[in-house]
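Reviewing the structure listed below.
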Amino acid sequence: MTATSSRSGEPRAPSLLRFAPAMIAVLIVVACGTNSADVDLWGHLRWGGDLLARRHIAVHDPYAYSVNAPIWIDHEVLSEAIFAWMFSHLGVIGLKLVRFVCASVMIVCLAGAIAETSAAIPIQLAVLTLTTSEIVPAVEFRPQIFTFAMLSAIMWMLARDNFGRRAPLWLAIPMMLFWCNLHGGFVVGLGALGLYIGAVAVRDLVARRGLSHTLHLGAITAAAALATLLNPYGLATWASVLHTISRPPMLSEIVEWHSLWSSMVEIWQMPNFSFLFDVVLVLMFAALIVSVAVAPFGNDFPLLLVASAMIAGAISVFRNFPLALIGSAAPLARHLSLAIYRRAPAAAASAAPPSSSLLTQAIIAILAIVLAIRRGIFSPAIDFSFAPPAGALAFIVEHDLRGNVLTNLAWTDYVLYHRAPDNRVFIDTRYEMIYPDRIARDFEDFHHDRERAAAVLASYPHDLVMLAPDSPAVPLMDASRDWKLVYRDEVALLYARADSAVARIPGVPVVRKAPAPVFP
């Protein structure tokens, strides 16, 4: 049985949320498929844990020594508090519950947005499955998962509104109130609302419908924008976020800050069929372009405009690709369905059986449970996405080595989680938020052993230097008379100043086998 669109009168296909809810469950499990922690997680747990302990927000950063107590506008303060609270009370399972909830909201809302397009069930399923599979690598234990959930909800409401159905867009106001404290991606949500309103105004003026609907949407968006000022920093949050997303990448080795094409080249060269990510992403964007060309009149110009802007953002900076997939899912399903079933308008709505049997849903639900168990989405363990310097850190703890640590970017948050405030770092993963460009340049100059590397080593009050054995800066450290190797294993080398107490310990450098890392 099919429903009818209230605006166009066209037959409306059923939603996957009703037709195949068990399949939605499978896709939620798939979205939570990664079990490794990004290097940022230790930092988020540190910042959030310290916030809960002191019960007030730090205005000046206490974790860096390269700059003197810089102003810290933390636009992820609420997500970090959530991560830290869940971890302190439920451990790893608490972190996985947060991710599961965000992934569930994202998948359910994407399914709802796609269903609003009246696309055929096979098209809905294909688009949702491919979108989920591509977003999986980005569904990590990071504040960005809140943006994925919130943006998906916004897109569902916009899709409902676009096709003339009652949409509770007023929910964008309380959503923005929380979103602006969870992650800087709230500006993307407001951008989507703004682009949508502009396109609706053009469409309604051309159709001579007047601007009453546009004014209604504009009032909601204005109220949502004002809600973003209800944060601990006021307008400074906006300034911080815009500064972060507008500046060029500070660190050349951060892949997610590269352009889409250069990042895809790097992914193509990775092992374990990583090239399939590139293939699917190109096919999805190509399918959108071709289907719009074949069936251009989908009555969804506002949604297409939003999708185009998000795709442009992803082409510019790779880290935006999940937002592009979320924003383009509904238009892709709409035009792909129109292109395939264009000769039979009612065919899209009847391209699937009228119902899905309870037996089929039960079997798929069991599959979801088995898959969840096998993937360990609620297991009490998290894998490392990098080799942590656990042995070097144990040596620091053993000898109570306090002071400033110059180390690889991937290790900074790990060191701070375990050692702050006894140890501070030169720079950490908040590099685009609080550190001046000169600090990033100095950091790169040292770690890549460039012309100024020795000057950077001499110009700052480093107490310890921790490097990977294959770091380009190792020869510089070995050649320096002011520094002495005090610990080494196959993962990390630890240097101390030659005149320090630890450098005079008999038997240094201590050579050990790196211990197996255990989270956290």
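The values are calculated or read from the model by the stated rules, or taken from the named source; none is laboratory data. This is a predicted model, so every value here is computed, not measured. Positions of Cβ are backbone-derived with ideal geometry, glycine not excepted, and every protein chain shown enters the neighbour counts. When the accessible area is computed, the model is the full protein with side chains, heavy atoms only, and any ligands, DNA or RNA have been set aside. Shrake-Rupley method; radii C 1.70, N 1.55, O 1.52, S 1.80 Å.
Quick look at the values:
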| quantity | calculated |
| --- | --- |
| Subset tally (residues that are within 14 Å of PHE395 (Cβ to Cβ) and either hydrophobic (A, V, I, L, M, F, W, C) or more than 39 Å from the chain's Cα centre (by Cα) (or both)) for the range 468-500 | 9 |
| Looking only at the range 33-52, and only at residues there that are among the charged types (D, E, K, R) and either outside any helix (DSSP H, G or I) or in contact with a Phe, Trp or Tyr (Cβ under 7 Å, 6 or more places away or on another chain) (or both), the one that is surrounded by the most Cβ atoms within 10 Å (Cβ to Cβ) | ARG46 |
| Residues located in the range 104-133, provided they are out of contact with any Phe, Trp or Tyr (no Cβ under 8 Å at 6 or more places or on another chain), open to solvent by less than 10 Å² (accessible area, probe 1.4 Å) and of a type in the set (Ser, Thr, Tyr) | THR131, THR132 |
| Counted residues, the range 57-76 - those being surrounded by fewer than 22 Cβ atoms within 10 Å (Cβ to Cβ) and outside any loop (DSSP other than H, G, I, E, B) | 2 |
| Qualifying residue in the range 280-303 (condition: closer than 22 Å to GLU140 by Cα, among the hydrophobic types (A, V, I, L, M, F, W, C) and surrounded by 17 or more Cβ atoms within 10 Å (Cβ to Cβ)) | yes |
| Selected residue (criterion: modelled with the lowest pLDDT) from residues of the range 371-426 that are surrounded by fewer than 24 Cβ atoms within 10 Å (Cβ to Cβ) and among the polar types (S, T, N, Q) | SER385 |
| Yes/no for PHE386 being touching a Lys or Arg at 6+ places or on another chain (Cβ under 8 Å), assigned to a loop (DSSP other than H, G, I, E, B) and of a type outside the set (Lys, Arg) | no |
| Pairs, first over 17 Å from PRO62 (Cβ atoms) in the range 404-420, second small (Gly, Ala, Ser) and open to solvent by less than 10 Å² (accessible area, probe 1.4 Å), C-beta under 6 Å, six or more apart | none |
| Any hit, the range 203-216, residues being surrounded by 13 or more Cβ atoms within 10 Å (Cβ to Cβ) and within 26 Å of the chain's Cα centre (by Cα) | no |
| Given (1) open to solvent by less than 30 Å² (accessible area, probe 1.4 Å); (2) in contact with a Gly (Cβ under 6 Å, 6 or more places away or on another chain); (3) of a type in the set (Asp, Glu), number of the condition GLU444 does not satisfy | (2) |
| Among the residues listed as ASP300, ASP278, the single one being at pLDDT 85 or above and touching a Pro at 6+ places or on another chain (Cβ under 8 Å) | ASP300 |
| Yes/no for ALA172 being at pLDDT 95 or above and more than 22 Å from ILE28 (Cα to Cα) | yes |
| Test: PHE83 is within 20 Å of the chain's Cα centre (by Cα), at negative phi and open to solvent by 30 Å² or more (accessible area, probe 1.4 Å) | no |
| In the range 494-518, the residues that are closer than 30 Å to VAL92 by Cβ and either open to solvent by 30 Å² or more (accessible area, probe 1.4 Å) or at pLDDT 95 or above (or both) | LEU494, ARG512, LYS513, PRO515, ALA516, PRO517, VAL518 |
